[in-house]
Amino acid sequence: MAKTNVSELQLERKKFKPVLPAVLKNGPSSVTPKTGKPTQSISDPEIVQKLFPNTYGMPLVNFGKGKNLAAAKKAVKIGVVLSGGQAPGGHNVIAGIFDGLKKANPKNKLIGFLGGPSGILENKQKEITSALMDEYRNTGGFDIIQSGRTKIETPEQFEQTKKNMLENKFDALVVVGGDDSNTNAGLLAEYFKKENMPVSVIGVPKTIDGDLKNDHIEASFGFDTATKIYAELTGNVCRDVNSARKYWHFIRLMGRSASHIALEVGLKTHPNIVLIGEEVREKKMTLSQIVDDIAGIVAKRAEAKKNFGVALVPEGLIEFIPEMKELISALNDALADNETHLNTLSHIDEKKSFVYSKLQEHLAALMKSLPGTISSQLMLDRDPHGNVQVSQIETEKLLISMVKTKLSEMKKEGKYTGKFSTINHFFGYEGRCGAPSNFDANYTYALGYNAAVLALNGLTGYLSSVRKLTKPSALWECGGVPLTMMMNIERRKGKEKPVIQKALVELAGKPFKALEKNRQLWAETESYVFPGPIQYFGPSTVADITTVTLKLERG
């Protein structure tokens, strides 16, 4: 069914034609895979190899030009599933897969599983047709087939997946997701191999958090668009404080397990304070030390009659504070081990009292010292991957409250004479479904097309890799990275499990060093930058720019 509510921008964006890397331009039958040496996991190789005996050690794959008639000979049926949170460009991933398949053989079929991995288990699917695909090209969101957070992990779920794949005669499955979802793709690839199933599994790196990257995955898709959206909002707030000059704005930014978004938005807008979780962890800072640092900057600006400013707080900050990290880890185990009993308790205070008895004394004391709203938020149900739902922990409000208390103490000591009026924000969901930037529109299309080529060559257990991203898209390099190569062993829900290792902000890296170099200047002055909205048309220097992070890391 054609979409009836279409904006003027969407009508124009439908005309945008992503530029494929040159190696993919003539279609899958003109691409040949070249393999390198065997690989090993980033850590815990012996354990990971035991868990993945059939797919461990596979080589890196690079694509080159050359005749490959086998990739186009047989008509195939490929499934695609969107897993986890939305990210700008998901529709173009599907468009890339679709166009790659049809270029290889017009009889090839692409089937979308509805509602995420649950669609695989429940056999809910629909065919992606040319007419349907054309309605979604270059648009934001995942609404063409929707997404979900169901995790395929039990023996029964694996068996059901096998049954549905074989009965529907699928040749491959493309999983579009983040580190957890692609870990699951690796587990499925291993299971299919063990069961001698002729079904390939290919992953596509998606997450606006920016924490799924390495030497071969230079960026996860959606990060560029989302940070542009957040930077526009933050820049607008910066301009507002510079106009009104009477409020401190504390902005919490999405980023559960890494501070890439806060760092990128900071580099784009130059606010007065940019907190980086990885730095807090490295310096073993306590919550009170963070508060003291913020209060010091507020007081310093007040001396200059500047009772205003902007502070960026990464969503996952609380997990980077060592004492809080220890508490959350202990809570995860306590909640997992006592889930049945906790479900019999109806009131949050009852649950807290029970959990206190299961924690070490110093951790119970720390939890009791937190404001009631924060300790309650720490008790919330975990997500399907066993992670604390940090997006529901209002860290910026905690900091505001504690900074106010600190400034009151400083005022009594004659060390502070200003006013501290605050406004808090959380910029999160606003960035997940934006219309993809030109960079993300090109990148996601290439990732999808590349995933199709990997599947058509019968490869399995690989993550779609498109590299050299600071160059024009025609010069990007393509191939695949073994999913097991990126894995390590982590504790989840009280058990040791294989997961793709998250990429954190590197304190020795150029992006963080750029922040560190300018931090004091930004704290004391109004060096604000106002990026404005994403530009889809106009000079390349405006419309085609990518992230500061990528430029510094790869430029």
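Every number in this text was worked out from the coordinates using simple rules, so none of it is lab data. What you see is a predicted model; the values in this text were computed from it and never measured. Counting neighbours? That spans all protein chains shown, and the Cβs are built from the backbone with ideal geometry, glycine included.
For the pair K517 and K25, a Förster radius of 56 Å applied to the C-beta separation gives a FRET efficiency near 0.85, rounded to the nearest 0.05.
Between E490 and K497, V499, the built amide H atoms are under 5 Å apart, and every one of these is 5 or more places off in sequence or on another chain.
With the simple model of a label 7 Å out from the Cα in the direction of the Cβ, E303 to E156 spans 6.6 nm.
Return the FRET efficiency for the residue pair S357, K325: r is the Cβ-Cβ distance, R0 is 30 Å, and the value is rounded to the nearest 0.05. The partial results should precede the final answer.
Working: r = 21 Å, r/R0 = 0.71.
After rounding to 0.05, the efficiency reads 0.90.
The trypsin sites (Lys or Arg not before Pro) of segment 151-189 that DSSP puts in a loop, and whose beta carbon has at most 14 other beta carbons within 10 Å, are K169.
Phi angles across segment 155-166 convert, under the Karplus curve 6.51 cos²θ - 1.76 cosθ + 1.60 with θ = phi - 60°, into 3J(HN,Hα) values of x, 5, 5, 5, 5, 5, 4, 4, 4, 5, 5, 6 Hz, Gly and Pro given as x.
For T470 and A244 in the same chain, what is the full-extension length gain: residue separation times 0.36 nm, less their Cα-Cα distance, in nm?
Answer, rounded to one decimal: 77.5 nm.
Taking Cβ atoms as reference points and 14 Å as the exclusive limit, the residues near K397 contribute a net charge of -1, counting Lys and Arg as +1 and Asp and Glu as -1. Residues in segment 333-342 carry Karplus couplings, in order, of 5, 5, 5, 5, 6, 10, 4, 4, 5, 4 Hz; the curve used is 6.51 cos²θ - 1.76 cosθ + 1.60 with θ = phi - 60°, and Gly or Pro positions show x.
Across segment 267-273, computed HN-Hα scalar couplings (Karplus, 6.51 cos²θ - 1.76 cosθ + 1.60, θ = phi - 60°) run 5, 7, 10, 6, x, 6, 9 Hz from first to last residue, x flagging Gly and Pro. Between 0 and 90 degrees, the angle of helix 287-303 with respect to the longest Cα principal axis of the chain falls at about 60 degrees. Candidate cross-link partners of K77 among the lysines, defined by an alpha-carbon separation under 16 Å and a same-chain spacing of 8 or more, comprise K102, K103, K107, K109, K124, K126, K162, K163, K169.
Taking a ≥ b ≥ c as the square roots of the eigenvalues of the Cα gyration tensor, segment 320-392 is rounded, since a/c falls below 1.5.
Magnitude of the charge dipole for the chain, about its Cα centre and with charges confined to Cβ atoms of Lys, Arg (+1) and Asp, Glu (-1), is about 1400 debye. Distance between the 7 Å Cα→Cβ label points at D292 and Q49: 4.8 nm. Count Lys and Arg as plus one, Asp and Glu as minus one, and take only other residues whose Cβ is under 15 Å from that of S41; the net charge is then -3.
Between S200 and A172, L173, the built amide H atoms are under 5 Å apart, and every one of these is 5 or more places off in sequence or on another chain. Answer rounded, prolate or oblate for segment 320-441, using the Cα gyration tensor with square roots of eigenvalues a ≥ b ≥ c: rounded when a/c is under 1.5, else prolate when a/b is larger than b/c, else oblate. Judged from the Cα gyration tensor, segment 320-441 comes out oblate (a/c at least 1.5, b/c at or above a/b). Over the residues of the chain, the helix contribution to mean residue ellipticity at 222 nm works out to -13000 deg cm²/dmol, using -39500 (n - 2.57) for each DSSP H run of at least 4. The T340 and S369 beta-carbon pair, evaluated with R₀ = 22 Å, returns a calculated FRET efficiency of approximately 0.15. The residues packed around L253, meaning those with a beta-carbon under 14 Å from its beta-carbon, carry a net charge of -3 if Lys and Arg are +1 and Asp and Glu are -1. Against the chain, whose longest principal axis comes from its Cα atoms, helix 438-456 is set at around 40 degrees.
One Cα centroid belongs to segment 349-371, the other to segment 271-337; the line between them spans 21 Å.
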